[in-house]
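The values are calculated or read from the model by the stated rules, or taken from the named source; none is laboratory data. Here the structure is a predicted model, which means the values were calculated and not measured. Quick reminder, even Gly has a Cβ in these numbers, built from the backbone with ideal geometry, and neighbours come from all protein chains shown.
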Amino acid sequence: MSVLTHPEVQPGTSPGTRPTAFRAPGPFDPAHGHEQVAYCHDRASGLRAIIAIHSTALGPALGGTRFFPYATEDDALADVLRLSRGMTYKNALAGLDLGGGKAVIIGDPATDKSEALLRAYGRFIESLGGRYITACDVGTFVPDMDVIHRETRHVTGRSTVHGGSGDSSVLTAFGVFTAMRACAEHVWGTTSLRGRTVGVAGVGKVGHQLVGHLLGAGAHVVVTDVREQAVDAVRAEHPEVEVAAGTDELVRSRLDVYAPCALGGALDRPTIEALRAKVVCGAANNQLADDGEGGLAERMVERSITYAPDYLVNSGGVIQVSDELEGFDLDRARHRVEGLFDATLGVLRRAAEQGISPAHAAGHLAEERIAAVGAGRPYLARR
């Protein structure tokens with residue numbers, strides 16, 4: 001993507017004080033085009049984090065912080081590079097004046113998370129001078145953002161008590177549901193999901209709330225999750241849901257819509273070949289196991305499966321937290337998320353007209369906006 005710039009990166013100072021920026025020889029080819037990647041290490045708290053800024057062509061890079069026990073640092077780096085690139089496209093398609101970035105903290109949030117670690121992480125974010133703004137993601141929550149905010153201004157997803165918008169999963173789930181209605185219009189000629197069977201794989205923060213929207217719309221819902229307690233929580237609130245033994249069983253079920261709402265890589269070749277659903281629309285990031293480069297998006301077109309690109313349909317959360325930058329207003333944010341209906345329908349129709357996959361149609365639209373609005377100019381924060 002020639003529209004994304006690659007400014008020189010100034011290395012940090014000593015470990016535990018500022019991030020150490022670097023240029024990895026492999027990932028920084030034109031296919032990735034990251035502007036800056038920083039390793040952050042604080043020995044006292046045990047913090048090991050990586051912040052990846054993919055693009056600031058449209059504004060400061062906004063994206064959440066994932067706290068996850070990666071097996072290796074290479075796994076963490078690969079994940080943060082994929083996720084940050086996806087945020088560039090997500091924010092561009094959502095019409096936000098924000099670039100794409102992401103961060104990962106290596107560790108088990110259940111045992112490694114502490115106030116000292118989060119505050120050390122907040123100091124690293126602050127040292128980037130506003131080029132990166134964080135929010136919640138897997139393993140991080142609203143109270144964590146409040147702690148991080150004690151060290152930096154550049155954080156969203158804070159509690160309403162501290163001037164934030166609260167749990168971003170609320171509008172993320174609403175956005176996925178809105179996009180799913182657009183898919184139904186495209187495939188079946190009606191926005192109604194009444195009587196449709198929807199399989200939700202992953203009923204955590206977002207998936208749980210999505211189930212509520214679907215049941216309210218009259219859909220029959222089948223769920224699965226690797227965590228038994230998550231399924232139990234959904235069943236306790238919605239005893240009418242059906243439970244599949246696992247993702248493999250869910251994928252092979254007679255579904256109208258499949259909604260991957262757990263971690264990435266949900267759409268690999270065996271899954272796509274086994275799918276019986278006509279629509280794939282879910283909240284998980286990076287759903288295509290090969291990032292779309294190995295023909296998986298095209299294979300879904302061949303099988304007449306309508307795929308709603310994940311970074312479009314799950315952008316309700318980033319729309320919500322970005323509204324904090326103006327002073328959060330729930331009605332305004334919800335109205336903006338409602339725009340995902342037209343955005344999703346537009347991508348699906350463009351894909352059909354041009355004979356390409358929705359994944360490629362969405363990518364082209366995002367690149368067009370970055371080129372037209374960003375003009376390749378990196379964002380430089382004003383202190």
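Of everything in the range 65-79 that's under 17 Å from the mean Cα position of the chain (by Cα) and at pLDDT 95 or above, which residue is farthest from ASP108 (Cα to Cα)? Walk me through it before giving the result.
Going residue by residue through the range 65-79, those that are under 17 Å from the mean Cα position of the chain (by Cα) are 65-68, 76-79.
Okay, now just the ones that are also at pLDDT 95 or above, so 65-68, 76-77.
On the way: THR65: 13, ARG66: 11, PHE67: 7, PHE68: 6, ALA76: 13, LEU77: 16 Å.
Here the answer is LEU77.
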Answer residue from the range 33-55, given it is in a loop (DSSP other than H, G, I, E, B) and out of contact with any helix residue (DSSP H, G or I) (no Cβ under 9 Å at 6 or more places or on another chain) and is farthest from ASN91 (Cα to Cα) among those = ARG43
Taking the stated definitions as given, is ASP167 at pLDDT below 95 and not basic (Lys, Arg)?
-> yes
Which members of the range 228-240 meet the condition of being free of Cβ contacts under 8 Å to residues at least 12 places away in the same chain and of a type in the set (D, E, K, R)?
-> GLU228, ASP232, ARG235
In the range 66-74, is there at least one residue being crowded, with 18+ Cβ neighbours inside 10 Å and over 15 Å from ASN286 (Cβ atoms)?
-> yes
Among (1) buried (at least 20 other Cβ atoms within 10 Å of the Cβ); (2) not in a loop (DSSP other than H, G, I, E, B), which single condition is ASP146 missing?
-> (1)
Exclusive hit being buried (at least 19 other Cβ atoms within 10 Å of the Cβ), touching an Asp or Glu at 6+ places or on another chain (Cβ under 8 Å) and either of a type outside the set (Gly, Ala, Ser) or within 23 Å of ASP79 (Cα to Cα) (or both), set VAL231, VAL222, VAL257 = VAL222
Any hit, the range 324-332, residues being under 27 Å from ALA135 (Cα atoms), in the same structural domain as GLY265 (by TED's automatic domain parsing) and buried (at least 24 other Cβ atoms within 10 Å of the Cβ) | no
